[in-house]
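Trainee: Sending over a structure as structure tokens; questions will come in a sec.
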């Protein structure tokens, strides 16, 4: 077999994998057919931490509180979920995306269909980070896409790329919000990200998903695997609106077993948890939810998680003033 034939076979195999992934993503896009991860990670090995803490941080005007996607060759799952990264790179200093890929047009109303609201679970199964005067949670405008960028690090393996791709797709499916990947960034996550920016329409930075470590981010020292939260701005109707946010993920502990299926599932669940904070979900009092403060490896959404994500993705259109 010559080199051209080998290259052709590799291209054909890659295309088959991509077609299979398109079928999977199409199922994720239908709320009534979402298949949640069910694999349970193996028990912690002796000497490792068991239950681990996941922190919610809100970054707002009042101070609220990756994963490596190398811009060289993306994994095939990432290519299908996010598009070709070679055409997009987010410039944090200029707060803009260079050579942005065209997003799907919004023809009025929601970008994606709303997720049917499940029955209301007990109060201990869900919580909100912030609420309006009427008690409803502060949330994103569902008639606008949630743009996000990924902070790159050379020490994060491709398996983490797969975990983040699945996490974003799962949260999008559970909330009914449209997530748009704006590219990679070298922006370093900080406690102050978003403070002092002009948050007029179109001026908010995209959500930052950043792989970091306890040296760079002291808040992740100890058992904390990650933190995340939204950035708020005043809406046109006087109500607050989520317009951006940040997730910080600890490479030291979170990626320890990332090369195993169990480790990938665990990383996905933590990323989904932190994205839940970006949406506006707080910590549930019940340990039977993915949004519980401490995790022992749960990889599927609980009834409170599904309810909270559907509510947070079902807000009114309007945007910032």
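Trainee: Hey, any hits in region 240-248 for a residue that's outside any strand (DSSP E or B) and at pLDDT below 95? Even if it seems obvious, please write down each step before you answer.
Mentor: Start the filter on region 240-248 by keeping residues that are outside any strand (DSSP E or B), which leaves none.
Within region 240-248, none of the residues are outside any strand (DSSP E or B) and at pLDDT below 95.
Trainee: Here's another thing I want to ask about it. All but one of (1) part of a loop (DSSP other than H, G, I, E, B); (2) surrounded by fewer than 24 Cβ atoms within 10 Å (Cβ to Cβ) hold for residue 219; which doesn't?
Mentor: Condition (1) is where residue 219 drops out.
Trainee: I've got another one for you. Which one is modelled with the lowest pLDDT, of the residues in region 129-155 that are surrounded by fewer than 24 Cβ atoms within 10 Å (Cβ to Cβ) and within 21 Å of residue 212 (Cβ to Cβ)?
Mentor: Here the residue is 152.
Trainee: To continue, here is another question. Taking region 280-303 only, how many residues are outside any loop (DSSP other than H, G, I, E, B), out of contact with any strand residue (DSSP E or B) (no Cβ under 6 Å at 6 or more places or on another chain) and closer than 23 Å to residue 207 by Cβ?
Mentor: Final tally of qualifying residues: 1.
Trainee: Scan 280, 263, 304 and give me the residue that is on the phi > 0 side of the Ramachandran plot and crowded, with 18+ Cβ neighbours inside 10 Å. First the steps, then the outcome.
Mentor: Values: 263 fails: on the phi > 0 side of the Ramachandran plot; 304 fails: on the phi > 0 side of the Ramachandran plot.
Going through 280, 263, 304 in turn, the sole match is 280.
Trainee: Looking at region 189-208, which of the residues that are surrounded by fewer than 20 Cβ atoms within 10 Å (Cβ to Cβ) and within 20 Å of residue 275 (Cβ to Cβ) is modelled with the lowest pLDDT? If you could, list the steps in order and put the result at the bottom.
Mentor: Just the residues of region 189-208 that are surrounded by fewer than 20 Cβ atoms within 10 Å (Cβ to Cβ), to begin with: 190-192, 195-198, 200-203.
After this cut, where a residue has to be within 20 Å of residue 275 (Cβ to Cβ) as well, the list is 190-191.
Values: 190: 88, 191: 85.
Applying the filter and picking the extreme gives 191.
Trainee: Residues in region 214-228: is at least one closer than 30 Å to residue 134 by Cβ and over 15 Å from the mean Cα position of the chain (by Cα)? Show your work before the answer.
Mentor: Initial filter on region 214-228 (closer than 30 Å to residue 134 by Cβ): 227-228.
Applying the additional criterion that residues be over 15 Å from the mean Cα position of the chain (by Cα) yields none.
No.
The values are calculated or read from the model by the stated rules, or taken from the named source; none is laboratory data. Treat the numbers as computed from the prediction; the structure is a model and nothing was measured. Because the Cβ atoms are built from the backbone with ideal geometry, glycine has one as well, and the counts that use them run over all protein chains shown.
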